[in-house]
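J.: Can you keep this structure in mind? I'll have questions shortly.
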Amino acid sequence: MQNIILASSSPRRKELMDMLGLPYVVESSSAEETLPEGIVPAEAVEMLALRKAADVSEMNGEALVIGADTIVAVDNMILGKPVDEKDALRMLLLLQGRRHQVYTGVALIDGSTGRRHVSHEITEVEFRTVSKEEALGYVGTGESEGKAGAYAIQGLASVFIRRIEGDFFNVVGLPVYRLCRMLEEYGIRVF
């Protein structure tokens, strides 16, 4: 089997890759994460996932590199990772009582052939009404740090989630179903 590299330092993505049972190694990307003005969420996550995969692929010969990036969008406005607690509170209060979309871009680069495949997944998430005190309490746990949209669905923020439509794992940070379908195109199967 071809060497697989996950171009991400995200512990959540690592946990999801571990769940699949495929042999892989982690190598963090140092790719630039700025986005052009006015870019739509789907294009943004695909662009960032491809940048990350390309950055790691350049240094790893014939490996198959997986890049991924997740953002939250509400009314087509992109919410990345909060810069501080005040920003995290702003994001949570913006999301409360509303539906929003979680986008994850996935890129695969086969270093042996140069072949690239980029796609994305969208999951709809609905927050219940959240009071400022609840949001402050959540931010105080530190769980919102480094999370797109300032929350982790698999953690304490689960108490804010009224419903989701789509791939749960996409919200965690890696759309497992889509990734497995993409890997099959490279002859890699979980079972």
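Read the figures in this text as sums done on the coordinates, not as results from a lab. The shown structure was predicted, so the numbers you read here are calculated from the model rather than taken from an experiment. Don't worry about glycine lacking a Cβ; one is built from the backbone with ideal geometry, like all the others, and counts go over all protein chains shown.
J.: Along the charge dipole of the chain, pointing to its positive end and built from +1/-1 on Cβ of Lys, Arg, Asp and Glu, which listed residue (A88, N60, T113) has its Cα farthest out?
T.: A88
J.: To continue, here is another question. Residue-wise, which Karplus ³J(HN,Hα) couplings in Hz belong to region 166-173, taking 6.51 cos²θ - 1.76 cosθ + 1.60, θ = phi - 60°, and x for glycine or proline?
T.: Couplings: x, 6, 4, 5, 4, 5, 5, x Hz.
J.: Using the Karplus equation 6.51 cos²θ - 1.76 cosθ + 1.60 (θ = phi - 60°), what ³J(HN,Hα) coupling, rounded to whole Hz, does each residue of region 141-151 give in order, writing x for Gly and Pro?
T.: 6, x, 5, 6, 5, x, 10, 4, x, 6, 8
J.: Per DSSP H run of at least 4 residues, take -39500 (n - 2.57); add these up for the chain, divide by its residues and hand me the 222 nm value, nearest 500 deg cm²/dmol. List each step's numbers first, then the result.
T.: Details: 6 runs with 61 residues, N = 191.
Mean residue ellipticity at 222 nm (helix-derived): -9500 deg cm²/dmol.
J.: A further question on this structure: Return a whole-number percent for the relative contact order of the chain, with Cα pairs under 8 Å and 6 or more residues apart as the contact set. The partial results should precede the final answer.
T.: On the way: 398 pairs, mean separation 41.7, N = 191.
With pairs under 8 Å counted, the relative contact order is 22 percent.
J.: From the mean inverse distance of alpha carbon pairs (Kirkwood) and the Cα radius of gyration, derive Rg over Rh for region 38-147.
T.: 1.09
J.: Looking at the chain, what % of the alpha carbon pairs are farther apart than 22 Å? All intermediate terms of the calculation are to be shown ahead of the outcome.
T.: On the way: 8130 of 18145 pairs.
Value for the chain: 45 percent of Cα pairs lie more than 22 Å apart.
J.: Using the Cα centre of the chain as the reference point, and only Cβ charges (+1 on K/R, -1 on D/E), how large is the resulting charge dipole? Debye, rounded to the nearest 20. Please report the intermediate quantities before stating the final value.
T.: Numbers: 20 positive and 28 negative charges, 92 e Å.
Charge dipole, the chain, about its Cα centre: 440 debye, nearest 20.
J.: Next question, about the same structure. Sequence neighbours fewer than 8 away in the same chain don't count; with that in mind, list the lysines whose C-alpha is under 16 Å from K86.
T.: Within the straight-line cut-off, K86 pairs with K132, K147.
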